[in-house]
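Chemist: A single structure is presented below for examination.
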Amino acid sequence: MQDFRKLRVWEKAHNLTLDIYRVAKCFPRDEMYGLTSQMRRAAVSIGSNIAEGSCRKGDADFGRFLQMAAGSASEVEYQLLLARDLNLLETPDWVRLSEEVVDVKRMLTSLLQKLRADS
C-alpha cells in the first residue's frame, strides 16, 4: 500500500481537476446538470481511482483502477472538446487543459506498463 498523494500522476490529475472546476465556473447556469457536472465528475474520478487503487493489495488490482482512471481521463478529453465546440471554453483554455489531460493519460499508461513489467 502506498500513499497516493506521493504519486506524480495523482498530483497531476488533482491539479487537472482543480483547473476543470475553475473553468467550469464560467459555464452557463443551464449547463450545471449537463456538461458541467459530467466534466467535473469525470475529472474527480481520475484522482479518485488512482487513490483507491493505491490502497489495493497487489499490482493487478492497482492496475484495474489505473485503467478506470485512464477511461475517465478520456471522458474529460472528449468533454473538453465538446465544451470548446459549444463555445463554452476559450481555445487557449482548451489547449492548456487538453495538454494536461493527455499528460495524465501518458503518465497512467507508463505506470500501467511498469506494473505489468514488474509482475
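Chemist: Based on DSSP H runs of at least 4 residues, each adding -39500 (n - 2.57), what is the mean residue ellipticity at 222 nm of the chain after dividing by all its residues, to the nearest 500 deg cm²/dmol?
Modeler: Value at 222 nm, helices only: -27000 deg cm²/dmol.
Chemist: Pairs of lysines 8 or more apart, or on different chains, with alpha carbons under 19 Å: count those in the chain, would you?
Modeler: Taking the chain as the scope, the lysine pair count is 7.
Chemist: Are there trypsin sites (Lys or Arg not before Pro) in the stretch 1-30 that DSSP puts in a loop and that have at most 12 other Cβ atoms within 10 Å, and which ones?
Modeler: Lys25
Chemist: Moving on to the next point. Give the carbon-plus-sulfur fraction of the accessible surface of the chain in %, rounded to a whole number; probe 1.4 Å, heavy atoms of protein chains only.
Modeler: Accessible surface attributable to carbon and sulfur in the chain totals 52 percent.
Chemist: From the list [x] 52; [y] 60; [z] 64, can you say which value of percent of Cα pairs over 17 Å apart was derived from the structure given?
Modeler: [x]
Chemist: Can you order the peptides 102-109, 85-92 by their average number of other Cβ atoms within 10 Å per residue, highest first?
Modeler: Packing order, densest peptide first, comes out as 102-109, 85-92.
Chemist: Further question: So what is the accessible area of the chain per residue, in Å², with the probe set to 1.4 Å?
Modeler: The answer is 59 Å² per residue.
Chemist: Name the residue from Cys26, Gln113, Ala70 whose Cα lies farthest towards the positive end of the charge dipole of the chain, charges +1 on Cβ of Lys and Arg and -1 on Cβ of Asp and Glu.
Modeler: Gln113
The values are calculated or read from the model by the stated rules, or taken from the named source; none is laboratory data. Computed from a predicted model, the values in this text were never measured in an experiment. In this analysis, Cβ positions are derived from the backbone assuming ideal geometry, glycine residues included, and neighbour counts consider all displayed protein chains. Side chains are part of the model used for accessible areas, which takes the heavy atoms of the whole protein and leaves out ligands, DNA and RNA. Shrake-Rupley method; radii C 1.70, N 1.55, O 1.52, S 1.80 Å.
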